[in-house]
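Have a look at the structure below, then the notes.
No lab work stands behind these numbers, since they all come straight from the coordinates. Being a predicted model, the structure only gives us computed values, none of them experimental. Ideal geometry is used to build each Cβ from the backbone, glycine not excepted, and the neighbour counts take in all protein chains shown.
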Amino acid sequence: MNCERIESELIGYMDGRATVRERREVEQHLSACAACRARVEGLRGAWSLLDEAPATEPSAWFDARLRQRIAAEPAPGLMSRLAGWVPRPRLALATLALVAVGCWAALAPRPNLPSPVALNEQEEFRMIKNMQVLENYEVLKDLDALNELQGN
């Protein structure tokens, strides 16, 4: 177990809230790590000082004054209740920008692309006749014998 993990479990270990397994792990680490043992001793010293400090009691009128201050607070009005529903400025701006870009994209003029032209039968036959050459183009392109011929 490393020192960072022990540090997060020290308080539970020292006040008795740690499980048996956690206590065993902490104790094993403390037996091997002098720095963590020193940290535990420092914490025990601080806790003993806190135990010796006298507990301060609130004044007899503390509760009454606190209740009086709470009663003096203004009750939440309609606007403060609706404030949770009002969108934040950044969110409102981002939503407005998204809507504006969406409208622009929907209403933007489309480029006039030529419509597909129907091929006549002769052109279709010529394309189909040469299809085998097109299928073998990759093989022909990588053929070493052709590359040598091009070099001469």
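Counting other beta carbons within 10 Å of each Cβ, put 99, 26 in order, fewest first. Can you show the working numbers first?
Details: 99 10, 26 21.
The order, fewest Cβ neighbours first, is 99, 26.
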**OP:** Name the shape class, rounded, prolate or oblate, that the alpha-carbon gyration tensor gives for segment 3-52, where a ≥ b ≥ c are the square roots of its eigenvalues, rounded holds for a/c under 1.5, and otherwise prolate holds if a/b is larger than b/c and oblate otherwise.
**Re:** oblate
